Amino acid sequence: MQFQGHNAYIAGPGLIDDVNAALLLGRPLLLKGEPGTGKTVLAARIAESLGMPLYEWNVKSTSKAQDGLYVYDTVQRLNDARFGEGDVRDIRRYIRMGPLGLALQSEQRVVLLIDEIDKADLEFPNDLLYELDRMRFRVTETGDEIEARVRPMVVVTSNSEKELPDAFLRRCVFHFLAFPDRDAMARIVRVHFPDLAEAMLTAALERFYAVREMNLRKKPATSELIDWLRILMHKGIEPGDLHGGIPNLGALLKTSPDLELALRQLQPPAG
Amino acid sequence: MFLGFFFALRGRGIAVGPTEWLGVCEVLRHHPRPSLDVLYSTARALCVKHETLYDRYDEAFADAFGDAGLAPARAATDTERFLQGLTDFSGDSLRALGIELPPELLAMLYEHRDAVLRMVAEAERDIEGPIRTEGEGGRESALLVARKRRFRNYRSDVVLDTRSLRVALGRLRRMLPDGPADELDLEATIRETSRNGGEIDLVFRRPKRNRVRLVLLMDAGGTMTPHATLVNRLFSAVAGQVRDLRAYYFHNCPYQQVYADIERRVPVETEELLRLGEDHWLVAVGDAHMNPRELLWPKGAIEGPANADPGVIWLQRLQTAFSRSVWLNPVLGAERLLSGQSAQIVGNIFAMYPLSLDGLDQAMRHLTQGGRPGRRASAA
């Protein structure tokens, strides 16, 4: 099985090879890079182009590794026992599979996205080592052994809010999504807006990279650029309009200090 | 040739084991069109697990596979090796380069070692720009990519963006139960419920939160102006990370007054700061590049009210008052860190680390592990 790329996703150099290496070795693909460089989207594109279902696990700061496998709903069972509802003797009724559990149970090969793994506690990736390595786990409450028939393609994304443990890294195929340069970005934009005028694209990219050059707390990335262009196109803005100020700057910059800084540096003096 | 590459990676501090290497071979064997490009990306994905190491990987790749066109880069490494050799006063490193120095000269170098170290550090800084140019031409595009060394800026000893700062500061954690009891304690609930004969008895506990409180004390003096952005980033990275954060500023050296704002218009008594020492940790940021008289003389302050006690006394008081403290120095590079007389004095009072990612990491470790006194060879 080979990933050949996707016509709605412009892959940087080596990315397709790395996806295929992960597929071949059955190891998780770890994607890192600035927010908004298309880490999450890639998982969906892989699933689409290989015709596999996609399971998403959006990790939060409170997420536990166990939640991804299954949750044993004790409170519900307790409640049912108290009020005499349902068959409380059947413990399986209270076992709910998480995304990783579902992916391992699946009959066919699936893509499992573990999104923003660095959001969780520092120990979170370590707790998943065994399951991701062996692709199997045991439901302690029932003694059921669940083992993947085919290893799912696991895509892990990280914003490097926290460093990931070495033992976890060792088992991954790692790819760092560098921020696209102007040419690559032009191709990415083309995929989203095939009929955007050339002059408009050049002018918009010019302004966009100028904004990125500034000393900002959060630099706008690809997804912000796409949003911004969508607004510009909707409003029917002409390339010439971009030379003065930047319309709808709020679509690119999301914090008020950044906005103030950009307004000071980019907008022409009033009057 | 491939094995040479493997050892070149190891030689550059990229921890490649046989497992990684077998993985690379496996992928190459199954690849429909194996090429140097495929090797480049595959080996990188499997052996390098952090973008800060991409640059070293590129160097190793260019070393192993590009013998043509790399002459300029080699010239640089030779120069650097020579400079490094100068700082090894036994003469062995230079002998390895084919340079034999007479023993008298070696003895002389050793005698003036401080000056030699300083000169070498300066020379290294100077050659960093012009000599390390990229080679022209090349046969394979992977080699071109490797030579361009696009990831130079991700090296951990160079770059310090807010995000990487936040990662390093992530060490600043001391999780203790805090706040109202609003987290369901399932184990205890089940226990109490069974004890209660099935009547549900919910038990709540206090969630654990980060209890670290910080005082950030920053130099806002003239020599610090080039580092202002860096300090600014540090500040924004710390905000929201800890339970309590207070920032104060000083000009070159703290005396009986520090300031609550960077323009130094709102004075705060340092005594007040000292009282925070009981439950706060102190992170001071400054280049410690003050004139020795600002540090050592009564009335040495160059602005504000005349100080009765010399700055060094105030520094000592701060260090004593805070149970844990650390000094971050934005003047990068370990060898230049303590080159000035003032920096040496300050480094004797506070544990001093360079304000680089590595330095910050060590500093945070120092804080969480007790963060006691100075008098250490910093960032050796």
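For the stretch B:1-70, what is the Kirkwood hydrodynamic radius in Å, using each pair of distinct C-alpha atoms?
That comes to 12.2 Å for the stretch B:1-70.
Build a GNM of chain A with springs between Cα atoms under 10 Å: which of A:Gln108, A:Gln66, A:Gln76 gets the top mean-square fluctuation?
The residue with the greatest mean-square fluctuation here is A:Gln76.
Roughly how tilted is helix A:256-266, in degrees to the nearest 10 and between 0 and 90, from the longest Cα axis of chain A?
The two axes meet at around 30 degrees.
Quantify how strongly other chains surround peptide B:25-34 by giving the mean number of their Cβ atoms within 10 Å of each of its Cβ atoms.
Numbers: counts 0, 3, 9, 1, 1, 5, 5, 2, 0, 0.
Mean inter-chain Cβ contacts per residue within 10 Å come to 3.
What does the charge count around A:Leu100 come to, taking other residues whose C-beta lies under 12 Å from its C-beta (Lys +1, Arg +1, Asp -1, Glu -1)?
-2
Ordered by residue, what ³J(HN,Hα) values in Hz, to whole numbers, does the stretch A:77-84 give under the Karplus form 6.51 cos²θ - 1.76 cosθ + 1.60, where θ = phi - 60° and Gly and Pro are x?
Rounded to whole hertz, the list is 5, 4, 5, 4, 5, 5, 9, x.
Rank-order A:95-107, B:343-355, B:11-23, A:36-48 by packing density, defined as the average count of other C-beta atoms within 10 Å over each peptide's residues, highest first.
Descending mean neighbour count gives B:343-355, A:36-48, A:95-107, B:11-23.
Please give the helix A:198-213 orientation as an angle from the longest Cα principal axis of chain A, in degrees from 0 to 90, rounded to the nearest 10.
With rounding to tens, the tilt is 70 degrees.
With a sphere of radius 11 Å drawn around the Cβ of A:Leu196, what net charge do the other residues whose Cβ falls strictly inside it have (Lys, Arg +1; Asp, Glu -1)? If you can, show how the numbers build up before the last one.
Numbers: positive: A:Arg190, A:Arg230; negative: A:Asp195, A:Glu198.
Net of charged neighbours comes to 0.
Could you pull out every residue, at least 5 positions away or on a different chain, whose amide H is within less than 5 Å of the one on A:Val154? Hs are placed 1.01 Å off N in the peptide plane, and Pro or chain starts have none.
Residues meeting the criterion, in which the H sits 1.01 Å from N, are A:Leu29, A:Leu112.
Using only Cα atoms, find the angle between the long axis of helix A:15-25 and the longest principal axis of chain A, and express it within 0 to 90 degrees, rounded to the nearest 10.
Relative to chain A, helix A:15-25 is tipped by roughly 10 degrees.
Every number here is computed from the coordinates shown, using simple stated rules; none is lab data. In this text, all values refer to a predicted model and were calculated from it rather than measured experimentally. Using ideal geometry, Cβ is built from the backbone for each residue, glycine included, and neighbour counts are taken over all protein chains shown.
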